[in-house]
């Protein structure tokens, strides 16, 4: 849930001090036991993670070595075929494109809602709105999926036709195939709704942490409320917004059931995002796992590993960006 | 700060109320959707407990396999367990493939499967059957309905080549001359056809492929696989997903077991087989088509060779048959009596009769007689 990340205590003005080299023991028995226990469980966790990684890589390696197609460029998924052929190009494309659409829609809206709650809304209204938004994060994704398939898809058909008519020249919004809106664009819209609460809630907490002195100083210089936000809130919150967006992106990349319900999967790559078709890693695994034999599962594990690497890269990039702006790090991610 | 906390508490309570309210509502809603094919309480009336011979059946019986026969199996198990106290039967409807794997590992007494055992699977079954091998007993037949949604058209006839071209997205409009020729006097709209198929691997897809390959070899050149082979069209997950899309989208066509069409009142296509009149998708018509099947299995194996090109009057050719896979000899001593007793009931007149109510088709009498004989001879 989204509300696990926020920092509830008032912000300590300076960034927390650099970490100590190691926890110092006072020499008492309890302390020694506790240090041992925590170190032990830390190591155990690493060992478990490492063995999972080894197991998954091993299974993935088996699958990839028997793949008669090119794992990176083949536009097909048929590990049960003769010869077995599968590739992740379509899945990688679909995952990235739908997530980008989701981010483009969700982040500005989320920042807007967060600013409204933290700086514009009357106090009495702010808390309930914040909770309603947070509540959205508690809705299970399959519920979003069913809602998307039954309500969103029929409604988006009108938007699709409109986009096609007025923005068809962009190539991206050109609709070349008939079909209801079971497309990557619809998936993007649905994902945007799903990640909205996370991004909003984290951004809101960050905006609330902007030092009052900064804002008051700006006000004292005669700034309007929007200027206060532009001059003190947004610069202070930038790294927080980035980390919030990355949290949201993480969810969008890995979303499974909602995508599987809304998308009409097919193994093609097309930039026409309004056409039905495409696929994502998680959706493909959910769709194929049930009927897959052992080799088919290995192949799906291999595709899952690629998703894992993708998520790692995204998170790594986010950390880099945040680290560069450490002086402002409101939400020490 | 304090004021805010109070507000938060109140909001939390409100939120909690909203969530629990929603949960209660969804709990109510989900009941109706489960098992669309299970008839409501009719199954109880039609099956008199007297026809079930419990014999020496006792203890627990585990089985696993095809989800296509799940609704039939549920009915049989319910009636059987009501009649024979002390027997517990568990059918895990995973998939045909998983059922056969479990059977060959010896963890289940019998498996349900959409397709007959392959030679290598028979070979493997000899390990768990000790003295014998795995055989196929056809137990449940069923029509695969072609459901469509077209405003203003409530009767539609198609033949195999047209179906093949539609699902291959070669025919793109509902008023295509090929469709118009088969539907004299029906006003077909100038709408795009949206053909839906299953997004995951499925035995239903494979059976449709077998039918199209046999009845329209010129227009359907794909292998009959569980994975959807043609490049065009749209996909949805599960029979229920395809049915939901057909129900929702004007201009849609898709395939699923008849029970889904019945429970959601989706119109189904009549198939023109070249017989005297187009055949409607019903349990009876499916039985007529299965009657044209030949037994291709040797010995006690009763695997069927379906005749997809049958022209028999009223026979609906797009059918699937699901089997129970058992050992002919070498069944485990502790489950043998229960297996024989339960399968005898499933193959009995009563057991076959209740299939119709669930949207399935009974196995024709001639083949069914052989099934009963084989079940009696299991050892």
- Could you estimate the translational diffusion coefficient of region B:283-379 from the Stokes-Einstein equation, with Rh from the Kirkwood formula over C-alpha pairs, at 4 °C and 1.567 mPa s, in whole µm²/s? 91
- Averaged across the residues of B:226-233, what count of C-beta atoms belonging to other chains lies within 10 Å of each residue's C-beta? 4
- Message: Please compute the alpha carbon radius of gyration of the protein assembly as shown, then divide it by the globular-protein estimate 2.2 N^0.38 Å. Two decimals is fine.
- Response: 1.13
- Everything considered on the Cα gyration tensor (a ≥ b ≥ c; rounded for a/c under 1.5, else prolate if a/b is larger than b/c, else oblate), region B:253-317 must be described as oblate
- What percentages, rounded to whole numbers, describe P(r) for region B:111-150 computed over all alpha carbon pairs with 10 Å bin width beginning at zero? 23, 38, 19, 12, 7, 1
- Item | Shielding of A:141-147 by partner chains, average beta-carbon count, 10 Å | 1
- Among B:262, B:181, B:221, the residue with the largest mean-square fluctuation in a Gaussian network model of chain B built from Cα contacts under 10 Å is B:181
- Query: By count of other Cβ within 10 Å, fewest leading, how are A:225, A:59, A:204 ordered?
  - Reply: A:225, A:59, A:204
- Message: Could you tell me the extents of chain A's C-alpha atoms along the three principal axes, largest first, rounded to whole Å?
- Response: 69, 63, 32
- Item | Over region A:240-333, volume per residue of the alpha carbon convex hull, in Å³ | 122
- Query: Given springs between every Cα pair under 10 Å in a Gaussian network model of chain B, which of B:215, B:369, B:291 has the largest fluctuation?
  - Reply: B:369
- Can you give the FRET efficiency for residue A:165 and residue B:82, using 1/(1 + (r/R0)^6), R0 = 56 Å, r = Cβ-Cβ distance, to the nearest 0.05? 0.35
- Task: Fewest Cβ neighbours within 10 Å first, please rank A:285, B:52 accordingly.
- Result: A:285, B:52
- Starting from the exponent 0.38 and prefactor 2.2 Å, build the expected Rg for region A:164-207 from its residue count and divide its actual Cα Rg by it. 1.67
- Query: If region A:62-116 were replaced by its equivalent ellipsoid, with semi-axes equal to the square roots of 5 times the Cα gyration tensor eigenvalues, what would those be, largest first, whole Å?
  - Reply: 39, 8, 7
- For region A:211-274, restrict the atom set to alpha-carbon positions and state the Rg and Dmax in Å. 20.5, 59
- Query: Beyond 24 Å, what share of the Cα-Cα pairs of region A:58-192 remains, rounded to the nearest whole percent?
  - Reply: 53
- Query: Given a cut-off of 15 Å, what percent of all Cα-Cα pairs of region B:150-194 lie beyond it?
  - Reply: 35
- Task: Send over the semi-axes of region B:164-281's equivalent ellipsoid, whole angstrom and largest first, taken as the square roots of 5 times the C-alpha gyration tensor eigenvalues.
- Result: 21, 18, 15
- Note on the structure: When chain A is treated as a Gaussian network with springs between alpha carbons less than 10 Å apart, the largest mean-square fluctuation among A:266, A:99, A:51 is found at A:51
- Item | Relative contact order for region A:147-198, counting Cα pairs under 8 Å that sit 6 or more residues apart, in percent | 40
- What spacing in nm lies between the two simple spin-label points modelled at residue A:221 and residue B:309, each 7 Å away from Cα in the Cβ direction? 8.7
- Message: Just to be sure I understand the curve: with the Debye formula and one point per C-alpha of region B:236-287, what is log10 I(q)/I(0) at q = 0.13, 0.20, 0.30 Å⁻¹?
- Response: -0.34, -0.73, -1.18
- Pairs of Cα atoms under 8 Å, at least six residues apart: use those to get the relative contact order of chain B, whole percent. 24
- Separation in nanometres of the label points that stand 7 Å from Cα toward Cβ, at residue B:187 and residue B:373: 5.7
- Query: Taking the C-alpha atoms of region A:183-305, how large are the radius of gyration and the largest Cα-Cα span, Dmax, in Å?
  - Reply: 21.0, 69
- Query: In µm²/s, what is D for region B:56-161 at 25 °C and 0.890 mPa s, where D = kT/(6 pi eta Rh) by Stokes-Einstein and Rh is the Kirkwood radius from Cα pairs?
  - Reply: 152
- So, in nm, how far is label residue A:214 from label residue A:68 when the simple model puts each one 7 Å beyond its Cα toward the Cβ? 6.1
- Cα shape, chain B, gyration tensor, a/c 1.5 rule: oblate
- Debye log10 I(q)/I(0) at q = 0.31, 0.32 Å⁻¹ for region B:328-379, Cα point scatterers: -1.14, -1.18
- Query: Based on the Kirkwood radius over alpha-carbon pairs, what is the Stokes-Einstein translational diffusion coefficient of region A:17-132 at 4 °C with 1.567 mPa s viscosity, in µm²/s?
  - Reply: 63
- Message: Taking every pair of distinct Cα atoms and averaging 1/r, then inverting, what Kirkwood hydrodynamic radius in Å comes out for region A:274-314?
- Response: 11.1
- Item | Dimensionless Rg/Rh of region B:230-340 - Kirkwood Rh, Rg from C-alpha atoms | 1.09
- Item | A:133, B:153 arranged by Cβ crowding within 10 Å, fewest neighbours leading | B:153, A:133
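FYI, it's all coordinate maths here, none of it is from the lab. Keep in mind that what you see is a predicted model, and the values were worked out from it rather than measured. Cβ: placed from backbone, ideal geometry, glycine included. Neighbour counts: every protein chain shown.
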